[in-house]
1. So which residues in the range 222-234 are touching a residue at least 12 places away in the same chain (Cβ under 8 Å), in a loop (DSSP other than H, G, I, E, B) and open to solvent by 60 Å² or more (accessible area, probe 1.4 Å), if there are any at all?
2. Give me the strands (runs of 3 or more DSSP E) completely within the range 45-104, filtered to those with at least 1 residues that are among the small types (Gly, Ala, Ser), open to solvent by 20 Å² or more (accessible area, probe 1.4 Å) and at pLDDT below 90, ordered by residue number.
3. So which residues in the range 139-168 are open to solvent by less than 10 Å² (accessible area, probe 1.4 Å) and in a strand (DSSP E or B)?
4. Name every residue in the range 255-272 that is open to solvent by less than 70 Å² (accessible area, probe 1.4 Å), of a type in the set (Phe, Trp, Tyr) and in contact with an Asp or Glu (Cβ under 9 Å, 6 or more places away or on another chain), in order of residue number.
5. If we keep just the residues of the range 179-221 that are over 14 Å from the mean Cα position of the chain (by Cα), among the β-branched types (Val, Ile, Thr) and in a loop (DSSP other than H, G, I, E, B), which is surrounded by the fewest Cβ atoms within 10 Å (Cβ to Cβ)?
6. Exactly one of these conditions fails for residue 237: (1) open to solvent by 60 Å² or more (accessible area, probe 1.4 Å); (2) touching a residue at least 24 places away in the same chain (Cβ under 8 Å); (3) more than 17 Å from residue 115 (Cβ to Cβ). Give me its number.
7. Give me the residue from the range 1-36 that is in a helix (DSSP H, G or I) and at pLDDT 80 or above and, out of that set, surrounded by the fewest Cβ atoms within 10 Å (Cβ to Cβ).
8. Taking the options 162, 167, 181, name whichever one is in contact with a Gly (Cβ under 9 Å, 6 or more places away or on another chain) and within 23 Å of residue 240 (Cα to Cα).
Amino acid sequence: MKNIKRGLLTLSFTFVMVMAMGVVNVNAADYSLEDEMANLISGTPLTLTSQDTLTYNGEQWVGKEGRLTVTYGDLSIKYDDAGTPGLDATNVQDDTVLFTVDGSVILNTGKQFIVQVKLQVELEEELEDIKLPVNFTINEGSYLGVYGTLAMPSGTNSVLVNNGSINITQPGAIELRDRANIYQGNGNMMVYGKLAIYGNSGSNIGEQVINLYENGFVYSEADVTDNINVGNVNMDGYKYTMSNSENNVYESVTATIGSREFPYAYTVTSEKITDVVPVTPDEDTTTEETTTENVKNPETSDGILLFLGLTVVGFAGVALTYRRLHN
């Protein structure tokens, strides 16, 4: 009997261990972008889940300790070859790397992602460094949380396409450096951190709506007032309004860009709402009017005159009666 119990206990323990091993890290894979580039160029996309890691130039770019962390769903990377397959001098400058979020991805605090891919390729029998633009797309129903800094560099034609939701959370920031139309899509951008819009025309954000919240900042070289919506709602006894910030200096994550004094800087301020309750009289309350009659009290001198007058009349009456009796 004891052997049977021991056998059942061992079987149960083994079953639990197998189940645990099946849940944790079964499909985890470690990738290197340099090693995967040949497959990417040939048209095979790379799909990363929350269990996978991707290193690039010896650093973990995607993973729990990486610049980007997939919390659920996946992040896919695909090479878009604009010309003939392969890296050659005739078409490589037109190629694009596609990053697509289908789920939820976080750009971690203290990390940065300059949205471009640097490669060293052999062109005309010489090794050259090239910068490929990245189309960074958030699909509908997907989410990008920016706690670090996401920078859209100038000169590479990279594009940020937001068809889902982007949340810039303190101390996070997004830098739209290019003058081209690099922010597109019909998604929702929520700015609790910082958004810097370079370019004096403002065309790099088109007609996209930016939801700005209290303690968030939008810096711009162009007047983008019409693009900004106050995200806070008046549900907690405060009124929120957009105003010009006195602090209009933004420090870029890239040293070569440095600090920039923007002519426009927007923020949201709050003011506590004070309710004034009007006092209205009760309808059943009637006002009684009190009429006071002015009655003049007789003075003392008037009383003496009245007494003397009555006395004279009395004496006159006595004299008249006496006279009639003796006639």
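The values are calculated or read from the model by the stated rules, or taken from the named source; none is laboratory data. From a predicted model like this one, the values you see are computed outputs, not experimental measurements. Note: ideal-geometry Cβ built from the backbone for every residue, glycine included; neighbour counts use all protein chains shown. Areas reflect the complete protein model, heavy atoms only, side chains present, ligands, DNA and RNA absent. Shrake-Rupley method; radii C 1.70, N 1.55, O 1.52, S 1.80 Å.
1. Correct list: 223, 234.
2. Details: elements: 46-48, 53-56, 59-62, 68-80.
Of the strands (runs of 3 or more DSSP E) lying wholly inside the range 45-104, none has at least 1 residues that are among the small types (Gly, Ala, Ser), open to solvent by 20 Å² or more (accessible area, probe 1.4 Å) and at pLDDT below 90.
3. Within the range 139-168, 144, 145, 146, 150, 151, 152, 160, 162, 166, 168 meet the criteria.
4. Passing the criteria: only 262.
5. Applying the first criterion (over 14 Å from the mean Cα position of the chain (by Cα)) to the range 179-221 yields 179-186, 196-208, 219-221.
From what's left, among the β-branched types (Val, Ile, Thr): 182, 197, 205.
From the residues that got through so far, the ones that are in a loop (DSSP other than H, G, I, E, B) too are 182, 205.
Numbers: 182: 28, 205: 23.
Only one residue fits best here, namely 205.
6. That leaves (1) as the condition not met.
7. Top of the filtered list is 35.
8. 167
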